[in-house]
Amino acid sequence: MQGKVEKTHDHLSGVKCIVNTCHYHTQGDYCSAAKIEIQPRNASQSEETDCATFVRQ
């Protein structure tokens, strides 16, 4: 999914992202990706999850 998600001028409602090195990060700790993908499918703890949408600036 990396690099294939459109960057919008809006932010995803209800999504907080503090990763300021991400291409989709916007002021106020918002995400401006059109959609996000969280992996892996069978995670059982938050520590096991990963934002597959992340693209370094």
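Scan region 39-49 for residues that are surrounded by 12 or more Cβ atoms within 10 Å (Cβ to Cβ) and either under 8 Å from the mean Cα position of the chain (by Cα) or over 21 Å from residue 13 (Cβ atoms) (or both) and report the count. Walk me through it before giving the result.
So in region 39-49, the residues surrounded by 12 or more Cβ atoms within 10 Å (Cβ to Cβ) come out as 39, 43, 49.
From what's left, either under 8 Å from the mean Cα position of the chain (by Cα) or over 21 Å from residue 13 (Cβ atoms) (or both): 39, 43.
Count: 2.
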Does region 6-19 include one or more residues that are of a type in the set (D, E, K, R), surrounded by 12 or more Cβ atoms within 10 Å (Cβ to Cβ) and part of a loop (DSSP other than H, G, I, E, B)? no
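Where a number appears in this text, it was derived from the coordinates with a stated rule and is not lab data. Just so we're clear, the structure is a prediction, and the values are computed from it rather than from any experiment. When we count neighbours, we look across all protein chains shown, and the Cβ atoms used for this are built from the backbone with ideal geometry, even at glycine.
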